[in-house]
Every structure is written in structure tokens, then in C-alpha cells.
Amino acid sequence: MSCFSRNWEEKHLPIIAFSHTIWDGQWAGRQHTLSRLGKRGWPVLYSNGALYSHQCTKAQYFGYEEQRDAVHVYKPGKIFPRNYKIPLADRWAIKHHCKKLKQILSIGQNDEFIAFCFNPSFLPYIQELRPTYLLYHMFDAYHFIGEVENQYHEQLVNMADLVTAVNHTVWDEMIKNPDIERHIVENGVDISSFDTDRQVSDISSRIEKIPGPRIGYLGTINRKLDYVLLNHLAKQFPTCHFVFLGRMMNNTIKDDAQKWTAYQDFFQRDNVTHAGQITKEHIPFCLDLMDIQIAPYLGTKESWMFAAYPLKINEYLASGKPVVSAHTAPIKQYFEGYIDICRTPEEWVDAIQRNLAGITTATREERITYARQNDWENRVDKFEQYIHTLITRKTACCSTAMTAHSHDQR
């Protein structure tokens with residue numbers, strides 16, 4: 001029996017959300033958005049989809065649900081795994097998974113519910129679920145990520161009742177139909193975590209022992225970063241210490257000889273430290289320990305970051321510390337006037353020198369004030385407004401259609 005009551009019928013429809021992001025991993029827009037919807041009374045169930053055969057080694061036999069941050073997270077079991085090579089078995093795995101999700105939320109055959117999709121690769125689940133309302137939020141330029149995402153994207157757009165994007169660049173890259181109404185919901189920052197007492201951790205204690213000035217980076221360490229640039233900066237500022245916080249995904253770098261060599265050289269330097277991966281609760285204190293924050297992304301189309309809205313920059317600004325970033329269209333659109341935005345290595349060196357000398361683009365107060373405007377609560381307000389409008393509009397259309405049909409029967 002599900003722990004959810006049927007009270008959602010009076011206020012909020014249940015939401016089944018899909019994304020590849022692991023709930024308890026590094027928090028991204030998916031967790032921030034869905035956890036706040038859950039706290040506002042929307043019954044939210046989060047799924048990464050069914051496991052594939054090769055992922056079943058450590059999984060339990062049967063799937064189960066766990067409550068996390070006002071959201072129910074479904075952990076799939078090894079029974080009925082997906083299988084690329086056997087289409088019938090693959091479809092059955094999806095069908096079984098979707099049936100379980102509906103059971104958890106007590107969704108009956110005629111009950112209304114919402115599917116919230118964050119990646120087009122989940123199209124087969126959406127087709128199986130047949131939700132009353134479908135929301136599709138594009139947080140990336142998916143056609144630069146994988147073939148499956150590119151293949152399913154257009155179908156998902158055509159099915160969706162509401163399509164949103166994290167910024168205008170992603171929208172322009174992914175939506176070619178001018179008749180589709182543009183809806184933008186940017187990434188945000190958990191301001192409340194910066195307003196509370198700082199939580200000390202093993203990593204923050206380790207950072208405190210690193211000599212300054214400290215130049216910090218927070219985020220996944222993978223192929224989106226410009227390691228040639230970073231190697232150059234580490235040479236130019238030998239008395240500064242570069243402190244990297246985040247998950248190491250160096251397998252994504254090894255297929256490019258130049259990047260791999262630069263990556264290895266950079267992390268072998270005496271003034272470079274990978275301090276480890278931190279949880280969201282420890283982000284504010286760790287950022288407080290930095291003198292400058294950097295966002296050294298590859299800004300060209302060889303990296304998906306050219307279209308991304310990095311939520312880490314909002315966190316940097318919330319800490320009040322100066323920020324130096326690579327140039328991309330979204331970064332320039334949203335953060336110009338609050339951070340230094342650089343195109344060339346020379347501009348990077350100049351910006352870091354100026355910030356170390358206390359010559360910053362904006363004041364500490366201006367940075368924090370701007371971050372407060374980008375609070376996740378404001379973003380979720382926007383999502384809720386879209387959802388309520390969507391439900392009201394669709395309900396009105398159905399009522400009009402039923403009325404017309406009734407008149408035709410007379």
C-alpha cells in the first residue's frame with residue numbers, strides 16, 4: 001500500500017519525474033526543483049528508469065522506494081532489466097517499471113497525473129505511462145550529448161503539453177518550430193543554505209590547511225573543462241593554490257590526447273589540489289574558504305557547456321566571492337556586470353590578477369543581492385505557475401469540447 005493519501009485530488013496532481021541524475025549524488029536543477037515541489041504539497045516520485053542488464057550486479061532483486069527531501073525516489077530492482085538486444089524484453093521492462101511507479105502513487109486508470117521529463121531518452125517511459133499532462137524541461141543541448149537524446153527529442157516536443165528550457169541558447173538550439181511558445185526557467189541557487197550556520201566537514205578542514213590565495217572550482221571534473229587553460233593559469237600563478245571540489249570523471253577525457261596530457265599535468269602540480277566531492281550542505285563553507293571562484297569551461301561547440309546555464313555561478317555569487325568565468329552566450333546574458341568573463345588566456349590572467357588585488361567587477365553586496373534574485377524558490381514559483389496554467393487551460397478545452405459534443409447530440 002502506498003504511503004500517499006488521495007488528498008492530492010483536492011489540491012495537487014501527482015508527478016512522476018524522470019532524469020538520469022542520481023538523487024543522492026551531486027545536486028542539480030532536477031533535485032532542487034522537485035524537492036521544492038514536494039515540500040509545496042505535490043506528490044513527487046523520481047525515477048532514473050529501469051536498470052539495464054549490465055547494471056544489475058549490486059542491485060536488490062525487487063525495486064523499492066525511499067523518501068528523500070520531500071520526494072519519493074524509486075530504486076529499481078534487477079527483476080525485469082532492460083536489454084538492448086531483445087526489444088520485446090526491453091519493452092516489458094519499461095512496462096513493468098511504469099506500472100510500479102503508478103502503483104506507488106496510487107494512480108488508477110482514470111486518474112489524472114503529470115509526467116515531468118528532464119531528458120528525451122525517457123520517451124519510451126512517457127509513451128507507456130500516457131500521462132494526462134506532460135512537461136519537458138530542457139536543461140541541456142541534448143543533441144550534443146548522445147544519439148538517443150537527439151532521436152527522441154522531437155517526438156517528446158510534439159507530445160509535450162509544456163516545453164521549457166534552462167535558457168534562450170538551449171531553446172534556440174533545440175526548438176526549430178517558431179510556433180511553439182517559448183518558456184524559460186533558469187537554474188537557481190539555494191539561498192537558505194548560505195543564510196544558515198556553516199557546516200564544517202573533513203574537506204573544509206583540509207581546505208583550511210591549504211595556503212592561500214585559493215582559487216576554487218566547484219563541479220564535476222570532466223571533459224567540459226579547459227585543462228590547457230588551467231595548466232597555463234597554474235604556471236602563471238605559482239603562489240596561488242587551485243582547489244577543485246567535485247566528482248572526478250576523467251574517463252571522459254582520455255580519448256583526447258591533448259586534453260588528457262593537460263589534465264594530468266595540471267593535477268600533478270604542487271599548487272593544485274583535488275579536495276574531493278562535497279554534499280550540498282557543505283558547499284557554503286567550502287566556498288567561503290576561497291579567494292576567487294572560477295568557471296573554466298570550454299566555450300566552443302565541442303563542449304555542451306556553450307549552451308549551459310551553470311548553476312554553480314549562482315552559488316559562487318551567493319558566497320560573495322569574486323568570480324572569473326569563460327565566455328559563453330548564457331554566461332554573458334545572465335552574469336555580465338557581476339563577474340569577469342574571459343575569452344583568451346591573457347584575459348584570464350589579467351582578470352585573476354585584478355581580483356587578487358581587490359579590483360572586482362562588482363562588490364560583495366552586489367553579488368549576493370543578485371544571487372538572491374536567482375533563488376530556487378523563485379524558479380519553482382515559475383514552474384508552478386506554468387503547471388497551474390497548463391491544467392486550467394487543458395481542463396477548459398476539455399469542458400468546451402464536451403459542451404460542443406452535448407449540443408451536437410441534441
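Beta carbons within 10 angstrom, averaged per residue: use that to sort the peptides 205-211, 374-380, 55-61, highest first. Numbers along the way, then the final one.
Working: 205-211: 13.1, 374-380: 18.7, 55-61: 11.3.
The peptides rank, most packed first, as 374-380, 205-211, 55-61.
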Handout entry: Long-range amide H partners of Val44 with built H, under 5 Å
Key = Ile15, His72
Fill in the blank from the handout: Taking the alpha-carbon centre of each part, the distance from the range 316-361 to the range 373-387 in Å is 27 Å
Problem - Top positive-direction residue, dipole computed over the chain with Cβ charges, set Asn110, Phe194, Ile22 - result: Asn110
Completion exercise
In whole angstrom, the spacing between the Cα centers of the range 135-206 and the range 267-310 equals 19 Å
Exercise for the section: Quick one: order Tyr136, Tyr386, Tyr46 by neighbouring beta-carbon count within 10 Å, fewest to most. Expected result: Tyr386, Tyr136, Tyr46
Practice task
Would you please put 74-86, 314-326 in order of how densely packed they are, using the mean number of other Cβ atoms within 10 angstrom per residue and starting with the highest?
Solution key: 314-326, 74-86
Handout entry: Beta bridges by DSSP in the chain, antiparallel share as percent, to the nearest 5
Key = 15 percent
Completion exercise
Scalar couplings 3J(HN,Hα) for the range 333-342 by Karplus 6.51 cos²θ - 1.76 cosθ + 1.60 (θ = phi - 60°), nearest whole Hz, x for Gly and Pro, are 4, 9, 10, 4, x, 10, 9, 8, 10, 10
Problem - Across Lys100/Lys394; Lys224/Lys312; Lys280/Lys382, pairs whose alpha-carbon gap is larger than 21 Å - result: Lys100/Lys394; Lys280/Lys382
Handout entry: Set of lysines with alpha-carbon distance to Lys209 below 21 Å, sequence-local pairs under 8 removed
Key = Lys321
Completion exercise
Between Arg247 and Ser53, the two model label points (7 Å from Cα along the beta-carbon direction) sit apart by a distance in nm of 2.6 nm
Fill in the blank from the handout: The ³J(HN,Hα) series, computed from each phi in the range 116-133 with the Karplus coefficients 6.51, -1.76 and 1.60 at θ = phi - 60°, rounded to the nearest Hz and given as x for glycine or proline, is 10, 10, 10, 7, x, 5, 8, 3, x, 5, 5, 5, 6, 5, 6, x, 5, 10
Fill in the blank from the handout: Residue-ordered couplings for the range 288-293, obtained by feeding phi - 60° into the Karplus form 6.51 cos²θ - 1.76 cosθ + 1.60 and rounding to whole Hz (Gly and Pro as x), are 4, 7, 8, 8, 9, 10
Exercise for the section: Taking the Cβ of each residue in Asp140, Asp255 as the centre, tally the other Cβ atoms inside 10 Å and list the residues starting with the fewest. Expected result: Asp255, Asp140
Fill in the blank from the handout: Residues meeting the amide H criterion for His327 (H placed from the backbone, H to H distance under 5 Å, 5 or more places apart or on another chain) are Cys342
Fill in the blank from the handout: Between Gly276 and residues 5 or more places away or on another chain, the pairs with built amide H atoms under 5 Å apart involve Gly246
Completion exercise
Least to most buried among Thr344, Thr328, Thr21, by other C-beta atoms within 10 Å and fewest first, runs Thr344, Thr21, Thr328
Completion exercise
The base-10 log of I(q)/I(0) that the Debye equation returns for the range 191-371 at q = 0.11 Å⁻¹, one scatterer per C-alpha, is -0.43
Handout entry: Simple Cβ-charge dipole of the range 191-371, Lys/Arg +1 and Asp/Glu -1, about Cα centre, in debye nearest 20
Key = 320 debye
Completion exercise
Dividing the mean separation of Cα pairs under 8 Å (6+ apart) by the residue count of the chain yields a relative contact order in percent of 13 percent
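Computed from the coordinates by the stated procedures, all read-outs in this text should not be read as laboratory data. Fair warning: this is a prediction, and the values are worked out from it, not measured in the lab. FYI the Cβ positions are ideal-geometry reconstructions off the backbone, even for glycines, and counts take in every protein chain you see.
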